[in-house]
1. How would you rank 40-46, 51-57, 97-103, highest first, on the average number of other Cβ atoms within 10 Å across their residues?
2. How far, in nm, would the chain grow between SER169 and ASP238 when pulled straight, counting 0.36 nm per residue and subtracting the alpha carbon separation?
3. For the chain, what is the relative contact order in percent, using Cα pairs closer than 8 Å and at least 6 residues apart in sequence?
4. Compute the relative contact order of region 8-123 as a whole-number percentage, counting only Cα pairs closer than 8 Å that sit 6 or more residues apart in sequence.
5. Under 16 Å between C-alpha atoms is the cut-off here; go through the chain and count lysine pairs that meet it, provided they're at least eight residues apart or on different chains.
6. Can you work out the FRET efficiency for the pair THR119 and LEU94, with r the C-beta to C-beta distance and R0 = 25 Å, to the nearest 0.05?
7. ARG112 to LYS231: FRET efficiency via 1/(1 + (r/R0)^6), r the Cβ-Cβ distance, R0 45 Å, to the nearest 0.05?
8. Extending each Cα 7 Å along its Cβ direction at GLU18 and THR192, get the distance between those two points in nm, one decimal.
Amino acid sequence: MKTSGQSAFLTRMTHLAELSLSDRAALAALEQNPTQLAKRQTVFAPGSPDDRIAIIRSGLAITRIMSGSQTTIAQLFMAGEVVGLSELGFSSALYQTTMQTDGTVSLISRKRLGDLARTNPRIFAMLLSMASLDSVTLLDRLHAVTRYSAEDRLMHFLLTVQAKTDQVSEQGSDRFPMPLSQKEIGDVLGLTDIYVNRLLRNLQKRGALEIARPYFRIIDKAAWVAQLDYKDRFSAVDFSWAG
């Protein structure tokens with residue numbers, strides 16, 4: 001259950017399970033000593049030895065995979081999400097993660113994460129569930145990018161951004177922020193910025209999407225969900241196995 005004024009990280013965790021006072025204290029301790037980062041500042045750099053993960057306390061970060069002049073935006077990390085869980089088996093960061101907006105992060109060493117596994121295995125299991133959620137949503141996007149039409153890819157991505165936002169939304173608004181440029185949306189979906197512009201304009205002309213930057217609003221979300229057979233993974237995570 002959500003408590004007004006609590007951190008985005010704690011809010012996301014309450015979507016996984018009911019939290020005891022000791023659970024909340026353990027989670028709050030992970031967010032101590034936050035670091036302020038500016039837009040475009042590096043969180044993790046590929047190849048640099050780093051044994052930490054990062055909780056995004058505020059703002060938004062993106063992970064890029066770069067090969068020569070080609071760039072793919074592989075992940076978007078919103079407030080309350082954790083960067084680096086999928087790379088725990090490696091001694092250095094594999095990809096470039098930078099802040100897309102100004103924000104704050106809490107950096108946690110892997111040793112501290114290991115200590116948490118021993119002292120509070122339930123919280124550690126919840127973090128593993130968050131890592132599995134990242135993997136599943138990435139697989140869903142891979143399927144969309146390789147099998148859907150360009151417009152359906154875009155619609156799938158917008159539904160996912162809204163689902164992420166809903167996890168920490170205070171007011172339950174049907175609007176959601178879109179802090180990516182058209183070029184960056186293209187880097188997510190494997191499309192050019194010109195094509196993304198055309199798709200967005202077509203959705204607007206048909207009355208399917210409203211855009212008032214930095215906010216988007218899907219007019220008939222149920223119709224989009226039905227058309228794409230969209231699965232909201234963020235509301236379906238099952239944590240009952242951890243007790």
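1. Values: 40-46: 15.9, 51-57: 21.1, 97-103: 19.6.
Per-residue mean Cβ counts within 10 Å order the peptides as 51-57, 97-103, 40-46.
2. Contour length minus Cα-Cα distance gives 22.8 nm.
3. On the way: 369 pairs, mean separation 48.1, N = 243.
Over the chain, the number comes to 20 percent.
4. Working: 221 pairs, mean separation 42.6, N = 116.
After rounding, I find 37 percent.
5. Details: LYS2/LYS164; LYS164/LYS221; LYS164/LYS231; LYS221/LYS231.
For the chain, the number of qualifying lysine pairs is 4.
6. Details: r = 28 Å, r/R0 = 1.13.
Computed FRET efficiency for THR119 and LEU94: 0.30.
7. Values: r = 34 Å, r/R0 = 0.75.
The pair ARG112/LYS231 has a calculated efficiency of 0.85.
8. The modelled label-to-label distance comes out at 5.6 nm.
Read-outs: derived from the displayed coordinates by stated rules, not from any lab. These figures come from a predicted structure and were not determined experimentally. Here Cβ is always computed from backbone atoms with ideal geometry, including for glycine, and neighbour counts include all displayed protein chains.
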